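Reading through the structure tokens given below for one structure.
The values are calculated or read from the model by the stated rules, or taken from the named source; none is laboratory data. For clarity, every value in this text was computed on a predicted model and none was experimentally measured. Note: ideal-geometry Cβ built from the backbone for every residue, glycine included; neighbour counts use all protein chains shown. With ligands, DNA and RNA removed, areas are computed over all heavy atoms of the protein, side chains included. Shrake-Rupley method; radii C 1.70, N 1.55, O 1.52, S 1.80 Å.
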Amino acid sequence: MKKEVLEYVVKKTHEMMEAFSCSAEAKAAGQAWLDAVGTEKETQETRKYIAELEADIMPLDRLIAFAESEDGAKVFGEEKTKEVAAHAREIRAAGAKYCDCPACAAAEAILSKKEEMLG
């Protein structure tokens, strides 16, 4: 992996891991990848990391459906759930594919470098 790609992904990995919205699984995968950089496990952990990010990143249609569900109301609260769904529709209309919370935004940035990471 090129140095500039590695530096970018390391930076975005830290951003993702520090985000309030980052799942425990994504944090663990990010840390495992960081620990493997420069070792014989780097390629294997890169594949695992990418797979975890692809599983965790929230597509907007799924976010909207969740926000409008009973479970979404339990997570976000009755009023906030409407805001979340409306915001997701707004950014989807503007061309976004994924949630723009800090964790998803960092994951999307990392996944934009997927081919270069696997190179």
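Quick check: is even one residue across the range 74-83 more than 23 Å from residue 1 (Cα to Cα) and open to solvent by less than 60 Å² (accessible area, probe 1.4 Å)? Before the answer, list the steps.
Taking the range 74-83 and keeping what is more than 23 Å from residue 1 (Cα to Cα), we get 74-83.
Filter again for open to solvent by less than 60 Å² (accessible area, probe 1.4 Å), leaving 77, 81.
Taking every residue of the range 74-83 in turn, at least one turns out to be more than 23 Å from residue 1 (Cα to Cα) and open to solvent by less than 60 Å² (accessible area, probe 1.4 Å).
Free of Cβ contacts under 8 Å to residues at least 60 places away in the same chain, open to solvent by less than 60 Å² (accessible area, probe 1.4 Å) and either of a type outside the set (Phe, Trp, Tyr) or not in a loop (DSSP other than H, G, I, E, B) (or both): does that describe residue 86? Walk me through it before giving the result.
Numbers: free of Cβ contacts under 8 Å to residues at least 60 places away in the same chain: yes; open to solvent by less than 60 Å² (accessible area, probe 1.4 Å): yes; either of a type outside the set (Phe, Trp, Tyr) or not in a loop (DSSP other than H, G, I, E, B) (or both): yes.
In short, yes.
Of the conditions (1) closer than 14 Å to residue 107 by Cβ; (2) in contact with a Leu (Cβ under 9 Å, 6 or more places away or on another chain), residue 37 fails just one. Which one is it?
Checking residue 37 against (1) closer than 14 Å to residue 107 by Cβ; (2) in contact with a Leu (Cβ under 9 Å, 6 or more places away or on another chain), the one that fails is (1).
Can you say whether residue 92 is open to solvent by 80 Å² or more (accessible area, probe 1.4 Å), over 16 Å from residue 110 (Cβ atoms) and in contact with an Asp or Glu (Cβ under 8 Å, 6 or more places away or on another chain), as far as the supplied structure shows?
Values: open to solvent by 80 Å² or more (accessible area, probe 1.4 Å): yes; over 16 Å from residue 110 (Cβ atoms): yes; in contact with an Asp or Glu (Cβ under 8 Å, 6 or more places away or on another chain): yes.
Yes, satisfied.
Report, by residue number, each residue of the range 1-59 that is under 20 Å from residue 97 (Cβ atoms) and acidic (Asp, Glu).
15, 52, 54, 56 - these are the residues of the range 1-59 that are under 20 Å from residue 97 (Cβ atoms) and acidic (Asp, Glu).
Name the single residue, out of those in the range 17-50 being within 16 Å of the chain's Cα centre (by Cα), part of a loop (DSSP other than H, G, I, E, B) and of a type in the set (Gly, Ala, Ser), that is surrounded by the most Cβ atoms within 10 Å (Cβ to Cβ).
It comes out as 19.
For the range 1-27, how many residues are without any contact (Cβ under 8 Å) to a residue 40 or more places away in the chain, of a type in the set (A, V, I, L, M, F, W, C) and touching a helix residue (DSSP H, G or I) at 6+ places or on another chain (Cβ under 8 Å)?
Of the residues in the range 1-27, 2 are without any contact (Cβ under 8 Å) to a residue 40 or more places away in the chain, of a type in the set (A, V, I, L, M, F, W, C) and touching a helix residue (DSSP H, G or I) at 6+ places or on another chain (Cβ under 8 Å).
Test residue 9 against the criterion of being in a helix (DSSP H, G or I), open to solvent by 80 Å² or more (accessible area, probe 1.4 Å) and not charged (D, E, K, R), and give yes or no.
Details: in a helix (DSSP H, G or I): yes; open to solvent by 80 Å² or more (accessible area, probe 1.4 Å): no; not charged (D, E, K, R): yes.
So residue 9 does not fit the description; no.
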